[in-house]
Every structure is written in structure tokens, then in C-alpha cells.
Amino acid sequence: MFFVHRFLLSCLLCLALCGMAASNAVAVPMSVLRVDVSGPISPAQDEMLTAAVAQCERIGCSMLLIVLDTPGGLGESMRNMVKAMLNAPVPVAVWVGPSGARAASAGVFLVAASTVAGMAPQTTMGAASPVGLGGGDIEKTMAAKVRADFLSLVRGVAGARDRNATWYAEAVDKASSVTAAEALELGAVEYVSGSATTFLQSVGVRGVDFKDQTIRFSPNDIVVHEYDPGVRYRLLSWLLHPQIAYMLLLAGMLGLFVELTHPGVILPGVLGTLGLLLGLYALSVLPTNAAGLLLILFGLVLFGLEIKIVSFGLLALGGAAALFVGSLILFRDEFGYVYIPLSTVIPVVLFFCSVAGGLVFLVIRSQRRERAAGLQAMIGLVGTVRKWKGNRGTISVRGEIWAAMDLQSDFPLSRDDEVEIVDVRGLTLEIRALPPKPLKL
């Protein structure tokens, strides 16, 4: 009898433990919002992720899936995205894919901050060391500060997600990079899956821990909604590309230079103003070096001074040098991603200098040409009769109305007849009538 009682108590204890486990493992239908983060990490991606988290909560999705493929980007934007992921009201899953994709530099921090992470085969992750302008080394003291800041961040988020914080620290400190299989073995990610769907199915079977619960779901319960970032994101993502912003800036400056050297052309001035405003907006968002921007503006000023000062081309050469150096140091960021490569700087600077130099040459040549001064410059111009009586009246020439007299023609003039100015007497023009044009049959 004693053994029967013990058996019954053991059964009840097992049932109680199973009930407790069931209370912690919640099986629910899984509605997932998928958002693709590809290309450089910039304020555009930051804004898109924030909007996606808000929409995920608004439409009642149970998980946010980020499909990641990035070479890195801005440190400030990465921090904002990490903050949004850590404070999201739903689990945030990150899958690095498809095959051939990467989570480099700033992308490492996004993987570390995810609730659950996976990678596709033939993908890589790592190389998160901060570098200087153009990909070079940062000055020693500044490098130590930036590296320490990033190390503390990545160790904190990786440790909070129970991942291999040691490897994530090496990705920042030693620029370590791993394949998908190596990341799984090191405990940097939880899954290696060939597709986003397979990744979600694996997560559902094993479960994901979130807010003291283990959420499980079957493959048949998964409903994926695609997040559409809209036209605003696509325009902002294009505009905030460093090379696009740089070209818009120089194109705007060149358009305004054309308008200033050739007043009245209008179209270059309008397009130049538009390009300059868009470029300046992008520069206000991107990490811009003020010295680089000032050097570019100084180069434009030197080209303008070449028109007024006889320097035999020295000012133009100085402007080209200022433009080149300013382009190289225009951007700065912690990861060294935002910079203008020489393959872009050299052709753009050569084109700018060629066009600006040609305009300067044309203006200088026109200034040296001998011209008739004052009203004498009107001799030889053709006008049309407005009013006429006898041998006097008014004519329209260059859009102006002038008093005129005719001392040469033997026939009366009528309205709209063409006349040629032969002399100027005070404020009265002496004219002669032009023969009428033959009629075409």
C-alpha cells in the first residue's frame, strides 16, 4: 500500500511539473512582419526599422523578422536601430541572407541585439573594427576611445541575448570575421537556415525566449506579412548615399556658377539651386566634415575670382586643389564606411574643373572684346514701328520704346515695318526703312 501511495504521489508531481512547463511554453499562431534591411546602414534604415516596429505592434504581429545584408554604415544610426530592437514589444529575429549576404561592421551589432539570430549558408559576419576616413586607421587616442565604446556596447547586447560575447568583442577589437557554420559553432547565432521560411520554422520548433516565456509555434501557424517602406524610404535611401550627396552638392554649385557667369540662362540656376539644397540636406544628416565642405566652397570662390583677377590660371589651379582635398575629407564616421573613393573623386573633380574653367575662359574672352559704348552701341540694331506720322514716330527695339525719325526713306512707314538704326541724336534714333520681305507662294 505504501508503494501505491508513492506511485500516485509521483504521478501527481509529474503532472504538476508538466503543467508548470506548459504554463511557460505558450503555443500561439505566429504572425510575422518581415522587413528587408539591405545596403549601408544610414538614417533611412534607422527610420524604416522604427516605423516597422510601430507597424508590427499596430497590426498585432507576434514577431518582427529582419532580413539583413549590409556592409556596415553609420555608428549613430546603428545605435538607434539597436535601441529599437532591444525595446521592441515583440521578439526581433534577424536572418542574414540570402546566400552571399553579409553582416559586416555595423551589421554585427544588429545581429548581437536580436532576440534570435540565424544565417544562410555561404554568408559571413564580422569585421566590426572602427576605422578612419577612407578606411584608414584612426588616430591612436581617438581609436582607443571609439573601440572601447563599441566593445562595451557589443558585449552588453550579446551578453543580454546569451550569445558568445567574447567573439563579438573580437569582431570589434580584432576585426574577426566568420562564416555561418563557424558562427553557429561559436554560439554567435542560433541557426543556419537556407531560407527565411526555414529559419522561422526552426525557431518555432525550438521556441524563442521572450519576457519570461518560451514562445513556440508550428510551421503551419506562420503567417508572414511584407513591410513596404514606401517611396519616402526609397528616396531618402538614395539621397543619403554619400556619393549621391557629393555629386548633388557639386552639380548644384556648378549650376549656380553657370548662372552667375551667364545671367539669364535660368535653367542651370534653377537646377543648381535644387541640387544644392538636396545635397546640403543630405550633408546635414550624414557625418560631414566642416573643413571638407569649406574647402569645396573655397575652390568655387577661387574659380570665380579667376574672372576678376589676372592670375594666369593660378587661382583656378588653387580652386582645383581645394576641391580635390575637400572631396577626400568631406565625410567622417566611426566605421569609416562613409567616404568618397578616389575612383569617384578624380572624374568628378576633373569634370567640374573642365566646365568651370571653360566658363571662366569664355567670360574673360568676352570681357576683352572691344564694344561700342553708350547709345552708339544701338547703331545697326533692327526695330519695328509702333506709331508713325510723317517722318517721325516711335519704334520698339530690344524691348524698349524709342522716339525715332526717318530722314532717308521716300515712302511712308506703317506699324510693324522693320527699320534699322543708323544714328543716335540725343534720345532720338535716326532710322532707315528696310525693304519689305518678299512673300512666299
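For the stretch 81-99, a residue qualifies if it is open to solvent by less than 50 Å² (accessible area, probe 1.4 Å) and either part of a helix (DSSP H, G or I) or in contact with a Pro (Cβ under 6 Å, 6 or more places away or on another chain) (or both), and the qualifying residues are Met81, Val82, Ala84, Met85.
Residues that are open to solvent by 20 Å² or more (accessible area, probe 1.4 Å) and of a type in the set (A, V, I, L, M) within the stretch 28-63 comprise Val28, Ala51, Val53, Ala54, Ile59, listed in sequence order.
Here the stretch 140-155 is the region considered, the condition is being within 21 Å of Thr115 (Cβ to Cβ) and touching a helix residue (DSSP H, G or I) at 6+ places or on another chain (Cβ under 6 Å), and the residue that is surrounded by the most Cβ atoms within 10 Å (Cβ to Cβ) is Val154.
One line per residue, one yes/no per condition, for (1) in a helix (DSSP H, G or I); (2) at pLDDT below 85; (3) farther than 23 Å from Leu236 by Cα; (4) more than 25 Å from the chain's Cα centre (by Cα):
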{"position": "Val270", "(1), (2), (3), (4)": "yes, no, no, no"}
{"position": "Leu280", "(1), (2), (3), (4)": "yes, no, no, no"}
{"position": "Ala291", "(1), (2), (3), (4)": "yes, no, yes, no"}
{"position": "Leu297", "(1), (2), (3), (4)": "yes, no, yes, no"}
{"position": "Ser311", "(1), (2), (3), (4)": "no, yes, yes, yes"}
{"position": "Leu315", "(1), (2), (3), (4)": "yes, no, yes, yes"}
{"position": "Tyr339", "(1), (2), (3), (4)": "no, yes, no, no"}
{"position": "Cys353", "(1), (2), (3), (4)": "yes, no, yes, no"}
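The combined condition, being at pLDDT 90 or above, open to solvent by less than 60 Å² (accessible area, probe 1.4 Å) and part of a helix (DSSP H, G or I), is fulfilled by Leu250. For the stretch 391-409, taking the residues that are outside any strand (DSSP E or B) and touching a strand residue (DSSP E or B) at 6+ places or on another chain (Cβ under 9 Å), the one that is nearest to Leu434 (Cα to Cα) is identified as Ser409.
The values are calculated or read from the model by the stated rules, or taken from the named source; none is laboratory data. Here the structure is a predicted model, which is why all the values come from computation and not from measurement. So basically every Cβ, Gly included, is an ideal-geometry build from the backbone, and we count neighbours across all protein chains shown. The accessibility values were calculated without ligands, DNA or RNA, using every heavy atom of the protein model including side chains. Shrake-Rupley method; radii C 1.70, N 1.55, O 1.52, S 1.80 Å.
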